[in-house]
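*Asks:* The structure's right below; bear with me while I get my questions together.
The numbers here are math on the coordinates, done by the rules we state, and not lab data. This structure is a prediction, so every number in the text was calculated from the model and none was measured. Here the Cβ is made from the backbone with ideal geometry for all residues, glycine too, and neighbour counts use every protein chain on show.
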Amino acid sequence: MSARDLATVHLPAAGWAALVAAALLMPADAASDLAGWFDFPLSDKLAHGALFLVMAALFVRSFRALSLRHALLAALLAASVYGAGSEVAQRLFTDRTAELGDLAADVAGAGLAVAIAAAGPLVRSPPWQRGTGEDPE
């Protein structure tokens, strides 16, 4: 692994994971103060989904040395396990509660990122580069 890969590929994923941990493990009163500006039904679930969408997208990029299929699966698994771990940590180390709904939102956000990443090559590549055998001329 080169220093450039570390700085441009792996550190963003690690940094985002650290920010997510800080956000999800802050005390309940601080979290409610932070979340006060977007208080509407399901806003908590949307926030969880968005955090883990970004996390899984960064994980896909970080796992780019693998095949696309394996990178997608690894990113989904890593983000899902991270989400489960964060819910357990909330229960054990903070005054916040663990919720299955939050974990479902985490997995849904990660799944959406993986689905977008999986569709990306199909959307960007012309048919003759996708193995259809068609030549552009």
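*Asks:* So who's got an amide H within less than 5 Å of the one on ARG96, skipping anything under 5 residues away but keeping other chains? H placed 1.01 Å off N, in plane.
*Replies:* ALA28
*Asks:* Which percent of Cα-Cα pairs in segment 43-126 sits in each 5 Å bin, short to long?
*Replies:* In whole percents, the pair-distance histogram is 3, 18, 23, 22, 15, 10, 6, 3, 1, 0, 0.
*Asks:* Still on this structure: In whole percent, what relative contact order does segment 43-126 give with Cα contacts below 8 Å and a gap of six or more residues?
*Replies:* Numbers: 99 pairs, mean separation 36.9, N = 84.
Here the relative contact order equals 44 percent.
*Asks:* Please turn the phi angles of segment 95-112 into ³J(HN,Hα) values with the Karplus equation 6.51 cos²θ - 1.76 cosθ + 1.60 (θ = phi - 60°), one per residue in order, whole Hz, x for glycine and proline.
*Replies:* 8, 8, 9, 8, 10, 5, x, 5, 4, 4, 5, 4, 5, 5, x, 5, x, 5
*Asks:* Magnitude of the Cβ-charge dipole of segment 43-126, K/R +1 and D/E -1, about the Cα centre, nearest 20 debye? Each step should come with its number before you reach the end.
*Replies:* Details: 7 positive and 6 negative charges, 97 e Å.
Dipole of segment 43-126, to the nearest 20 debye: 460 debye.
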